[in-house]
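Here is the structure we will look at.
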Amino acid sequence: MRKGKTFVISGPSGVGKGTVLKMLLEKRKNVYVSVSATTRPARLGEEDGVHYHFLDKGTFQDWIAQDAFLEHAEYVGNFYGTPKKFVDSAMDEGRDVILEIEVQGALQIAEKRPETILIFVAPPSWEELERRLTLRGTDSPEKIQERLQRAKVEFQSADAYHYVVINDTVENAAQELDAILTAEHCRVMERMAIIGT
Ligand code: 5GP
């Protein structure tokens, strides 16, 4: 059976990665979206084990000590990490894995697992991103400015990525993402492995 591939999706919070991913999942069934662990408090409507594994700082440190994370990073005052075992078992089952993580974590994975495909989701403009963050209404004005600054710094790392998807409309962005996954499965080495040489 063919092994799944890992795709990292990064981009500023508020850019709409979650919505784009949701639409992608309607098109592609054989995809596992990793559930990260975080020390940040749950937002309204977020469920433990579904959106994140919500951990206290001590438990997060224990997971680090047990080498349970594929990567972990600090982001705007909270810790985030990708649990290793679910990612590996999904890939072994032949499913593609999507990790929605920020840049520091993406670069850690790129170093550990260079076959990983890195995709950056960008807003059409910074003004549009600020508008979306404000509309979301989950962060204070100070936190929004902090997230915007962080987003601009993150975008400077976009050249370490393989693809940039611009989220002008959710439909366009999901279609581009879908095309990238398809293209990555059409790579020569992968096709040779299936067809035989
Ligand atoms: P939020 O607090 O808005 O849910 O997420 C903040 C940032 O943390 C987003 O850029 C998100 O992609 C990133 N993030 C979520 N899970 C992980 C993870 O497991 N590892 C890393 N490095 N970043 C993560």
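Looking at the chain as a GNM with Cα springs under 10 Å, which of VAL97, VAL121, VAL50 has the largest mean-square fluctuation? Between VAL97, VAL121, VAL50, it is VAL50 that shows the largest mean-square fluctuation. Close amide H partners of TYR52, meaning residues 5 or more places away or on another chain with modelled amide H under 5 Å apart, are GLU47.
Taking 0.36 nm per residue of sequence separation and removing the Cα-Cα distance, the ALA193/LYS27 pair yields an extension gain of 57.2 nm. Coupling constants for the range 105-112 follow from the phi torsions by the Karplus curve (6.51 cos²θ - 1.76 cosθ + 1.60, θ = phi - 60°), and in residue order they are x, 4, 5, 4, 5, 4, 6, 6 Hz; glycine and proline get x.
Give LYS5/LYS152; LYS5/LYS85; LYS84/LYS143; LYS85/LYS112; LYS22/LYS112; LYS17/LYS152 a once-over and call out the pairs whose C-alpha atoms are over 18 Å from each other. The pairs that break the limit, which is 18 Å between Cα atoms, are LYS5/LYS152; LYS84/LYS143; LYS22/LYS112.
Taking the accessible area of the chain, probe 1.4 Å, and keeping the other protein chains in place, the carbon and sulfur fraction comes to 54%. Taking GluC sites (Glu not before Pro) in DSSP loop conformation with at most 14 other Cβ atoms inside 10 Å as exposed sites, the chain has its longest uninterrupted site-free stretch at 116-197.
Near VAL15, no amide H atom lies under 5 Å from its own; only residues 5 or more places off or on other chains count, and H is placed 1.01 Å from N.
Return the calculated 222 nm mean residue ellipticity for the chain, to the nearest 500 deg cm²/dmol, obtained by summing -39500 (n - 2.57) across DSSP H runs with n ≥ 4 and dividing by the residue count. Taken over the chain, the calculation gives -13500 deg cm²/dmol.
Shape analysis of the chain yields a ratio of the Cα radius of gyration to the Kirkwood radius, Rg/Rh, of 0.96. Extension gain for ASP67-SER125 works out to 17.0 nm (0.36 nm per residue, less the C-alpha to C-alpha distance). Of the beta bridges in the chain, as assigned by DSSP with both residues counted there, near 30 percent are antiparallel. Partners of LYS3 within straight-line reach, counting aspartates and glutamates whose Cα lies under 15 Å from its Cα and excluding those fewer than 8 residues away in the same chain: ASP88, ASP92, GLU93, ASP96, GLU115, GLU184, GLU190. Full extension of the segment from SER140 to GLU46, taken as 0.36 nm per residue of separation minus the current Cα-Cα distance, would add 32.0 nm. Solvent exposure of the chain amounts to 53 Å² per residue of accessible area, where only protein heavy atoms count and the probe is 1.4 Å. Please find the FRET efficiency linking ALA183 to LYS3, where r is the Cβ-Cβ separation and R0 is fixed at 30 Å, and quote it to the nearest 0.05. The calculated FRET efficiency here is 0.95. Couplings 3J(HN,Hα) for the range 6-15, derived from phi with the Karplus relation 6.51 cos²θ - 1.76 cosθ + 1.60 (θ = phi - 60°), are 9, 10, 9, 10, 10, x, x, 5, x, 6 Hz, where x marks Gly and Pro.
Rounded to the nearest Hz, the phi-derived 3J(HN,Hα) couplings of the range 172-185 under the Karplus curve 6.51 cos²θ - 1.76 cosθ + 1.60 (θ = phi - 60°) are 4, 5, 5, 5, 5, 4, 4, 5, 5, 4, 4, 4, 5, 7, where x marks glycine and proline. Given R0 = 25 Å, the distance between the Cβ atoms of HIS162 and VAL35 translates into a calculated FRET efficiency of 0.60. Model label sites at ASP92 and ASN78, defined 7 Å from Cα along the beta-carbon direction, differ in position by 3.1 nm. Amide H contacts for GLU100 (H built 1.01 Å from N in the peptide plane; partners 5 or more residues away or on another chain; cut-off under 5 Å): ILE9, SER34.
The values are calculated or read from the model by the stated rules, or taken from the named source; none is laboratory data. Predicted model, so just to flag it, every value in this text is computed and none were measured. No Cβ is skipped: glycine too gets one built from the backbone with ideal geometry, and neighbour counts run over all protein chains shown. Each accessible area value is taken on the protein alone, full model and side chains, heavy atoms only, with ligands, DNA and RNA left out. Shrake-Rupley method; radii C 1.70, N 1.55, O 1.52, S 1.80 Å.
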